[in-house]
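Accompanying notes for the structure given below.
The values are calculated or read from the model by the stated rules, or taken from the named source; none is laboratory data. Please read all numbers here as calculations on a predicted model, not as lab measurements. Here the Cβ is made from the backbone with ideal geometry for all residues, glycine too, and neighbour counts use every protein chain on show. Ligands, DNA and RNA are stripped out before the accessible areas are found, and what is left, the full protein with its side chains, is counted by its heavy atoms. Shrake-Rupley method; radii C 1.70, N 1.55, O 1.52, S 1.80 Å.
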Amino acid sequence: MKKLIILILIVLGCGYVFLHGFPDFIVNLVNDHQDGVYEEEADDGKSVLTSTSDINLRDEDGGGENYAFTYKGQEFKAHYMYDYWTVYDSYKITNEDDQTIICQALIDTHTVHGRDMESFRTAEDMAYEWQQHNLACKYLPDDSDWRDSAENVDFDPYDQGRSFEEIYEDRTGEEFSIKKEIKESLEDGTFFDKVKKVIFH
């Protein structure tokens, strides 16, 4: 029943948008996001990690490149080459506190330089980048080339401190606009799928 009510409200909202355009409060919210005022919140789920040892990060073949770790009973793969970590299927991990602990385990094993190539990346700034990748998975269309790569977060010097919008524009060569994304999804019929993904993720 609750989902039905939400669906009815969404339909009514879409009708209003088609007839009158976006209400001012939505436009303001979008503008706030574009200006960096609105920050995407981390997952509400309780953190399950208390230390880096909890994930049992391990070198699978002794070569210093192919790693695995355990999170909530699931096995994840990670790969390292000089100044570059990749965590595969990282979009499945959404709690920022746990992301920070996982990143600390990674850089305890192999460090990654910061953008200035003199400092080193921290677990906190890596977790911030992880959140930007998860944002991409949540909001980009399924047929986006970058969405597929966003499912596997990669940590290198270049992306340190960059926002979702900055990474998106670098990968696609286009300026990111929430209003444009909503308008296009309404036109191509994918709006409801995106809404369900955001509400029931």
Which numbered condition Ile107 misses (of (1) touching a strand residue (DSSP E or B) at 6+ places or on another chain (Cβ under 9 Å); (2) touching a residue at least 24 places away in the same chain (Cβ under 8 Å)):
(2)
Helices (runs of 4 or more DSSP H) wholly inside region 97-201 containing at least 1 residues that are open to solvent by less than 40 Å² (accessible area, probe 1.4 Å), of a type outside the set (Lys, Arg) and modelled with pLDDT of 95 or more:
123-139
